[in-house]
Amino acid sequence: MGIAGIVFRPWYWLSGKVFATWARPAVQPENPAALLADTDAPVCYVLEHGGLADTLALERLCKIHGLPSPTDDLEFADLNENRRIVVLRRMRGFVFRRPSKKGSARLKRLVEASIAAGGKELLLIPVAIYWGRSPDKQHSWFKLLFTENWEVAGRARKFFATIFQGRNTLLRYSDPLPLSSIVQNGLEPEVAYRKVSRILRVHFRQRRIATVGPDLSHRRTLLNVVLHDPGVRAAIAAEAGDSRTKLERTTHKARKYAQEIAAHVSYPTIRVVERFLGWVWNRIYDGIELGHVDRLHEVAQDHEIVYVPCHRSHMDYLLLSYIVYHQGLSLPHVAAGINLNMPFIGAILRRGGAFYLRRSFKGNRLYASVFNAYLRQILVRGHSIEYFVEGGRSRTGRLLAPKGGMLAMTVSSFMREPRLPIVFMPVYFGYEKLIEGDSFISELGGAQKQKESLFGLIRSVKSLRENFGKVYVNIGEPIPLVPLLDAANPDWRKAGSDEQERPPWVGDVIDELGNAIMDGINAAAAVTPISLLASALLATPKQSMGELELHRQLALSLNLLSRFRYSDSVTLPDWAPEDIVDHGEKLNVIKRTAHPLGDVVSMSEHEAVLMTYFRNNVQHLLAIPASIACCFIQGRRLEHSELQRLIRLIYPFMQAELRLKWDYDDIDDVTTAAIEALIEQEILTREGKFLVRPPAGSAPAFQLLMLGQSMVPMLQRFYLVIALLVKNGPGTLTRTKLEGLCMMSAQRLTMIYGLHSPDFFNKALFQDFIRVLRARDVLRRNDAGFLEFDDGIKRIGEDARLVLGEEIRHSILSLTFSGPGFNRL
């Protein structure tokens, strides 16, 4: 060790001690040692800019995770380097620091040594360190001291960044780059060195975009670009005409629209809100369970991400932004309804990345043009975006039909300026309790939707005293946009560059994309303990069950979900049935009543109504096995082929209601797979070509009955629609009249039988049902607007007798005021 080393070592040791007491860098991935699990090759870390603070941060985390120290000697080929760090862009100058034009001399020596040694292996591990993680927005001393951006930091800046951002820092290890993969191609040392340097520079740039985000223009500059968009200028000219006064007034109106829409990202605000949200989550939730988050990291570097989650709660966008930020990725711009632009709250959300849109653009060409131009600008600049394809929050727990507005604008913007490829990321939210639960039930019961307000928010603060269990967030399979466009029109790039109306074929792409997103969300479902309890107890007449029977039913559900896999992305709780019941008690969802013959577990009527939401979240996962079980409620034996026919009959309606993923042509094979799963669980047996349920009164027969009950409400709606059509006859009802009759009849059924399912008489479900009947040509609308059908519809009603009990059938028939010809059903 030379004199420099003797002087430097104590200083480095002291700096490390001071650094360790203050700085707490987060690390990605959580277990970086796994990157070197299958190799014993020598390792060298690559930093983008280097410096004492970066080295100390790297040293600390390498020590914590058992990785080789960056300050250890590196013996490689004939070289003996005094540390394992390559700095890609060194700084020069003592006072005024600026990037050196020369590359890394150490990297050059390592490349030359590898070539001289015949391509000897060395792993280069890029390590990106972000102090504050804020993109470049405007030149200010505040940002200079507090945030990471795209500028290279000098000594003073790095010092203050370490002081003020030491606990808001991210250190990300990337996959190792094997040096041999480059130098073994017979390249000259100088060429190989330049190639390695270029690969690393591109990697760090892509990683910075994914983590920090692209450079942000000043908001005023961005709005000026929006107002000069050709589409906006054309809309202003069309509205103003030849009047100069109207031109100024219309331009002012367009600017007001742009200011109403645009986000105003503030990273100091984001950090304050992030701390506050962390406190809120810890107070009301038992934790956030993330599934398949690695999918985000795989696409973030070289794609622009459009997050498309399901919409369950107002917590969705806060949770997703919080998760993305904590995963070390660029914070998305979030499309929010204008109803959330409340005093004080709206400004905070805007500074957190929210941009606002009105519920409808209809009849307002100027507003639509401004919004389109703004969306195109944030896409062109490489920002990730988040919006809800369903439009609003689901009140039933099922997915809503996708709305194409935001998708159409995204696709059109990308087609006009296709820079970074876009990938849509479906995201599934699974809650165990909802803050909005009571209001959802009221709205389904007919109450008017409550408008969001500051006072309503203040009233909801009382929720912070409750326990809402865990939140489950699953990331679905990414859906790239380019392959969809290529399949629809290989020349789409040329078509997208035209400033004319959107090509007709783009509508099919948007429909396909919307359906793919909804399927992706359903395929990434998270089965929660509460959804399992809800599915089991809501199948009973009084939402109660013996504890032992409940344990068996929970075990059956878990086994079926494992055996009959809806998707590899579905996540299941690794809990025993006893733990699930205890968890339900802890959240006050169920209660246990002691009894000498065995405890009874039950739900109150109020909780049962709320729990229908969580049952509906996962009902699609076992819809086919449950439909098979439903066919054995009234009969004991069925032929395999007859069972397939019955499932084929009801599948189009199940598919519309639950957004099931299988094509109609494949449903026979899916039915067979579900039958095999039921046989494996010993709740069905096979006797030749017949399938037979267990003996009445046995535990397996009870399990089969409870499984089938989950699909009975859908079949009751099925029978109700058919009964009303047959009673009134062809050519007598309009679609609107039929929907109204269905809704009123279903409401009365719930009043009589206490079905504890507020969505049983949901108008949207009947609309979907009638739409499927028309799509399959069972119903037809004549020139006068009335619904026509033939006698074949009666045979559909006859099949319902196989699964619906006598009492329910009689009640439905009574509701329709049976007349001539109707009793033949």
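The values are calculated or read from the model by the stated rules, or taken from the named source; none is laboratory data. On a predicted model such as this, the values are computed, not experimentally measured, just so you know. Note that we place each Cβ from the backbone using ideal geometry, even for glycine, and neighbour counts take in every protein chain shown. Note: areas computed on protein heavy atoms with side chains; ligands, DNA, RNA excluded. Shrake-Rupley method; radii C 1.70, N 1.55, O 1.52, S 1.80 Å.
Annotations
- Of all residues making up the range 222-263, the number that are under 29 Å from the mean Cα position of the chain (by Cα) and modelled with pLDDT under 90: 1
- Options P402, P426; residue that is closer than 20 Å to D316 by Cα, part of a loop (DSSP other than H, G, I, E, B) and touching a Gly at 6+ places or on another chain (Cβ under 7 Å): P402
- Those residues of the range 241-272 which are charged (D, E, K, R) and over 21 Å from F371 (Cβ atoms), in sequence order: D242, R244, K246, E248, R271
- Of the residues P490, P503, the single one that is surrounded by fewer than 21 Cβ atoms within 10 Å (Cβ to Cβ) and over 30 Å from A235 (Cβ atoms) is P490.
- The range 328-352 - residue that is in contact with a strand residue (DSSP E or B) (Cβ under 9 Å, 6 or more places away or on another chain) and among the small types (G, A, S) and, of those, farthest from R275 (Cα to Cα): G337
- Filter result for R774 (charged (D, E, K, R), open to solvent by 40 Å² or more (accessible area, probe 1.4 Å) and within 30 Å of F564 (Cβ to Cβ)): no
- Subset of the range 306-333 [in a strand (DSSP E or B) and either under 22 Å from W131 (Cα atoms) or open to solvent by 10 Å² or more (accessible area, probe 1.4 Å) (or both)]: H333
- Of all residues in the range 644-694, exactly one satisfies the criterion of being touching a His at 6+ places or on another chain (Cβ under 9 Å) and on the phi > 0 side of the Ramachandran plot, namely R659.
- Some residue of the range 371-391 being within 17 Å of the chain's Cα centre (by Cα) and open to solvent by 20 Å² or more (accessible area, probe 1.4 Å): yes
- Candidates S604, S569 - the one that is of a type in the set (G, A, S) and open to solvent by 10 Å² or more (accessible area, probe 1.4 Å): S604
- Residue tally, condition under 23 Å from F204 (Cα atoms) and not polar (S, T, N, Q), over the range 294-332: 20
- Options R381, R395, R376; residue that is touching a helix residue (DSSP H, G or I) at 6+ places or on another chain (Cβ under 9 Å), of a type in the set (D, E, K, R) and modelled with pLDDT of 90 or more: R376
- Flag for L715 being surrounded by 18 or more Cβ atoms within 10 Å (Cβ to Cβ) and either in contact with a strand residue (DSSP E or B) (Cβ under 6 Å, 6 or more places away or on another chain) or more than 22 Å from F564 (Cα to Cα) (or both): yes
- Residue satisfying all of: in the range 237-256; more than 18 Å from V226 (Cβ to Cβ) and among the polar types (S, T, N, Q); least open to solvent (accessible area, probe 1.4 Å) among these: S243
- Some residue of the range 725-748 being surrounded by 21 or more Cβ atoms within 10 Å (Cβ to Cβ), touching a Lys or Arg at 6+ places or on another chain (Cβ under 9 Å) and in contact (Cβ under 8 Å) with a residue 40 or more places away in the chain: yes
- Any helices (runs of 4 or more DSSP H) falling wholly within the range 558-647 and containing at least 2 residues that are of a type in the set (F, W, Y): 605-618
- Condition met for I199 (at pLDDT below 75 and open to solvent by 30 Å² or more (accessible area, probe 1.4 Å)): no
- Enumeration of residues in the range 604-647 that are aromatic (F, W, Y) and more than 19 Å from L400 (Cβ to Cβ): F632
- Criterion violated by A526 - all others in (1) at pLDDT below 95; (2) on the phi < 0 side of the Ramachandran plot satisfied: (1)
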